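Comments concern the structure below.
The values are calculated or read from the model by the stated rules, or taken from the named source; none is laboratory data. Please read all numbers here as calculations on a predicted model, not as lab measurements. In this analysis, Cβ positions are derived from the backbone assuming ideal geometry, glycine residues included, and neighbour counts consider all displayed protein chains.
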Amino acid sequence: MDPMFALVLFALFIAAFLQRVAGFGYGLIGAPFALTIFTPFEVSFLMAFWGSANSLPTILLLYSHIRWDIYRKLFIWLCLGLVLGYVGLLFLPASVFKLLAVVICVQAIVSVFRPDLATKGISWTADHRVASTIAGTLQSSVAIPGPPLVVAFNAMKLTQNAFVSLFALVFLSVGVMRIGVSMGFVIVGLYSEGMAERLPDDIIFNATTGSLVSIAGVLIAQPLVRHLSTAFFKKIAATLIAVSALTLIIDVFGWGPRIAALFGIGV
C-alpha cells in the first residue's frame, strides 16, 4: 500500500472517531489529507463512499433522535447545491477547491477556539435554505459541507444527539446520491477516455478500505461517547483540522521537497 494512502486512511479513522464524539470533523480532517494525493474530482468520487460509510452507523445508533421535520425542509436545497458543486468540479481548476478547503478549515478552527467569532462573515447562512444549498455544493465539490449547517443547526438550538444525527442524515442522503453520480461517471468512463483519466485508480480498493476504516472509527468511538468530554474533543478536532489544512497548504505551494530537505528526509 502507498504510504501516503495509508496516512489518508489513518486520517479518515481519526476523523470518523472525532465526528462521533465531537459532532464534526470528518470532512474537515479527511478531505484535506486526501487532496494531497488525489485530485479534487477523485476526492469527491471517493468521499461519496467514505462519507456515506461514516454516516450510516451514526444514523443507526441515533435514529430516534433524527428531526425529520427539519430534514424535509433541507432536502430540496441540498439537491440544488449538489448539482452546483458538480458543475464547478467539472469546469473549475483544482487549485480553487484546495484553497476553498483551506478557507473552510480556518473558519472551523476559529469557531472552536473563538466561538464569539463563529458566525462572523457567515451569519447569513443561518437560513436553512442558504445553508443547505451551500452545504450541498461543498459536499459534492470539496466534501466539507459542515460550516454552513453548523450555523443553521445552532440557530435551531438542537440537542447534541439531534445535531449529530441530523448531520449524519444529511451526509448519508447526499452521499448516496453522490454514489449514484459516481457510478454514472464510471459508466461514462467506459466510453470516454477523458472521463476515464479523471477517475481514481484502484477504485474498489480505495473506496472499500476508506469506508471500512470510517465505520471502524465510529464504532470504536460509540461506547466512549458518554464518558468523554465533547468540548475537549472539539478542541482536539480543531487542532487536527489545523494540521490537515497545513498539510494541504504545503501541497498547494509545493513546499514539501524543501521541508523534507530541511529535515534531511530523502536527501
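Restricting Ala15, Ala6 to those that are in a helix (DSSP H, G or I), surrounded by 24 or more Cβ atoms within 10 Å (Cβ to Cβ) and modelled with pLDDT of 90 or more reduces the list to Ala15.
Contact map, segment 18-38: residues that are farther than 23 Å from Leu166 by Cα paired with residues that are of a type in the set (Val, Ile, Thr), Cβ distance under 7 Å, separation 6+ or inter-chain. Pairs shown: Pro32/Thr247; Phe33/Val8; Phe33/Thr247; Ala34/Val8; Ala34/Val43; Leu35/Val43; Thr36/Thr247; Ile37/Val8. Scanning segment 210-267 for residues that are modelled with pLDDT under 75 and farther than 28 Å from Leu99 by Cα gives Gly264, Val267. Taken together, the criteria exclude Thr137 from residues that are surrounded by fewer than 17 Cβ atoms within 10 Å (Cβ to Cβ), hydroxyl-bearing (Ser, Thr, Tyr) and within 25 Å of Phe33 (Cβ to Cβ). Selection of segment 198-229 for residues being closer than 16 Å to Ala6 by Cβ and hydrophobic (A, V, I, L, M, F, W, C) yields Phe205, Ala207, Leu212, Val213, Ala216.
Counting only helices (runs of 4 or more DSSP H) wholly contained in segment 147-264, the ones carrying 2 or more residues that are surrounded by fewer than 16 Cβ atoms within 10 Å (Cβ to Cβ) and among the β-branched types (Val, Ile, Thr) occupy 160-191, 203-221, 230-252. Check segment 34-46 and report whether any residue there is under 30 Å from Pro223 (Cβ atoms) and in contact with a helix residue (DSSP H, G or I) (Cβ under 7 Å, 6 or more places away or on another chain). Within segment 34-46, one or more residues are under 30 Å from Pro223 (Cβ atoms) and in contact with a helix residue (DSSP H, G or I) (Cβ under 7 Å, 6 or more places away or on another chain). In this structure, Leu82 does not satisfy being free of Cβ contacts under 8 Å to residues at least 60 places away in the same chain and either closer than 23 Å to Ala237 by Cα or not acidic (Asp, Glu) (or both).
Checked against the criteria, Val96 counts as in a helix (DSSP H, G or I), under 17 Å from the mean Cα position of the chain (by Cα) and β-branched (Val, Ile, Thr). Residue count for segment 37-60 under the criterion of being of a type outside the set (A, V, I, L, M, F, W, C), more than 14 Å from the chain's Cα centre (by Cα) and buried (at least 20 other Cβ atoms within 10 Å of the Cβ): the result is 2. Kindly evaluate Gly81 against the criterion of being crowded, with 18+ Cβ neighbours inside 10 Å, on the phi > 0 side of the Ramachandran plot and out of contact with any Phe, Trp or Tyr (no Cβ under 7 Å at 6 or more places or on another chain). The answer is no for Gly81. Among residues of segment 193-219 that are more than 14 Å from Ala48 (Cβ to Cβ), those with a beta-carbon under 9 Å from a residue that is modelled with pLDDT under 95 and among the charged types (D, E, K, R) at least six positions away or on a different chain give the pairs Arg198/Glu42; Asp201/Glu42; Gly217/Arg20; Val218/Arg20; Leu219/Arg20. Looking across segment 154-175, just one residue is over 20 Å from Ser229 (Cα atoms) and in contact with a Lys or Arg (Cβ under 6 Å, 6 or more places away or on another chain), and that is Leu166. Evaluating Val130 against the criteria (1) at pLDDT 85 or above; (2) under 16 Å from the mean Cα position of the chain (by Cα); (3) not charged (D, E, K, R) leaves one unmet condition, (2).
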